[in-house]
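The values are calculated or read from the model by the stated rules, or taken from the named source; none is laboratory data. No experiment lies behind these values; they were computed from the predicted model shown. Heads up, the Cβs are rebuilt from the backbone with ideal geometry, glycines too, and the neighbour counts pull from every protein chain shown. For the accessible areas, the whole protein counts, side chains as well, though only heavy atoms, and no ligand, DNA or RNA atoms are used. Shrake-Rupley method; radii C 1.70, N 1.55, O 1.52, S 1.80 Å.
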Amino acid sequence: RHEEKVTAVKSTHHDLLLIGDSITQTLGDGTGEYAPLKSVWDKYFVPRHALNLGYSGYRTENILWNLANGELDQAESPKAVTLLIGTNNTDDQHYPAIHTARELFAGTKAIVDLIRQRHPSTKILVLRPFPCGGPDEKPDPVTGRAVYHRSAKALAALREAGELTRQLADGKHVFWLDIGHVFLRADGSINPELMPDRIHPNTEGAEAWARAILPTLDAMMAGTTVPG
């Protein structure tokens, strides 16, 4: 996948790069149950000449390597980048080694710093990591579908890191946005109708995600005043 993306970066100009883990990958390059999300990609991101640089299972260190090894080799800088990363760094459900909030923040900052170094004119939108399932989540009683159920410690680290990433925004080149609320019910729990597995948005969740970021993203790409 990395080699294919490097080829795409070097052969075709893209105004927008979406960088992240599987949450980003499923938005436009998903298969199986996530294939329908391509309708959201085609509706909102193809017209903005976007390239999907999401990778399933990736953490900040993996993304940093990708970017340092060809995925920022555009001849002409993109207008904007979105960065959604970090949920796998604190994932104690699937990874033997996890990162603290400060380590996750440092990794996110390293990615932002590299993009700024390579493409100083590119605007960067750092998205706070989306909410994910906690220790009380149970498989769906009807379908038996597995859900993400990370520990309270992992969730606390992710929340803290997400808040720390706010510091990366300077209001000129780097912007920060928290849209986690669009995936929550009134009681603060994750809405399974938007995130059935409690981490990956489905088509309706992806639609909510796109609508939540586009006012900010379009302003960044146009060079106009960013709302908020």
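In table form, for the structure just shown:
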{"read-out": "Pair list, Cβ < 9 Å and 6+ apart or interchain, from the stretch 75-87 residues that are within 14 Å of Ile213 (Cβ to Cβ) and at pLDDT 95 or above to residues that are open to solvent by less than 40 Å² (accessible area, probe 1.4 Å) and among the acidic types (Asp, Glu)", "value": "Ala80/Asp15; Leu84/Asp21"}
{"read-out": "Pick from the stretch 64-83, criterion touching a strand residue (DSSP E or B) at 6+ places or on another chain (Cβ under 8 Å) and assigned to a loop (DSSP other than H, G, I, E, B), ranking: least open to solvent (accessible area, probe 1.4 Å)", "value": "Pro78"}
{"read-out": "Out of Pro227, Pro201, Pro192, Pro215, sole residue that is touching a residue at least 60 places away in the same chain (Cβ under 8 Å) and either surrounded by fewer than 19 Cβ atoms within 10 Å (Cβ to Cβ) or more than 30 Å from Ser121 (Cα to Cα) (or both)", "value": "Pro201"}
{"read-out": "Residue tally, condition outside any helix (DSSP H, G or I), acidic (Asp, Glu) and open to solvent by 10 Å² or more (accessible area, probe 1.4 Å), over the stretch 13-38", "value": "1"}
{"read-out": "Residues of the stretch 153-189 satisfying the condition of being assigned to a helix (DSSP H, G or I), open to solvent by 30 Å² or more (accessible area, probe 1.4 Å) and not polar (S, T, N, Q)", "value": "Lys153, Ala156, Arg159, Glu160, Glu163, Arg166, His181, Val182"}
{"read-out": "Residue within the stretch 104-113 that is touching a helix residue (DSSP H, G or I) at 6+ places or on another chain (Cβ under 7 Å), under 19 Å from Gly205 (Cβ atoms) and either at pLDDT 95 or above or surrounded by fewer than 23 Cβ atoms within 10 Å (Cβ to Cβ) (or both) present", "value": "no"}
{"read-out": "Close pairs (6 angstrom Cβ cut-off, 6 or more residues apart or separate chains): farther than 14 Å from Asp73 by Cβ and modelled with pLDDT of 95 or more in the stretch 1-28, exposed (fewer than 14 other Cβ atoms within 10 Å of the Cβ) and among the polar types (S, T, N, Q) anywhere", "value": "none"}
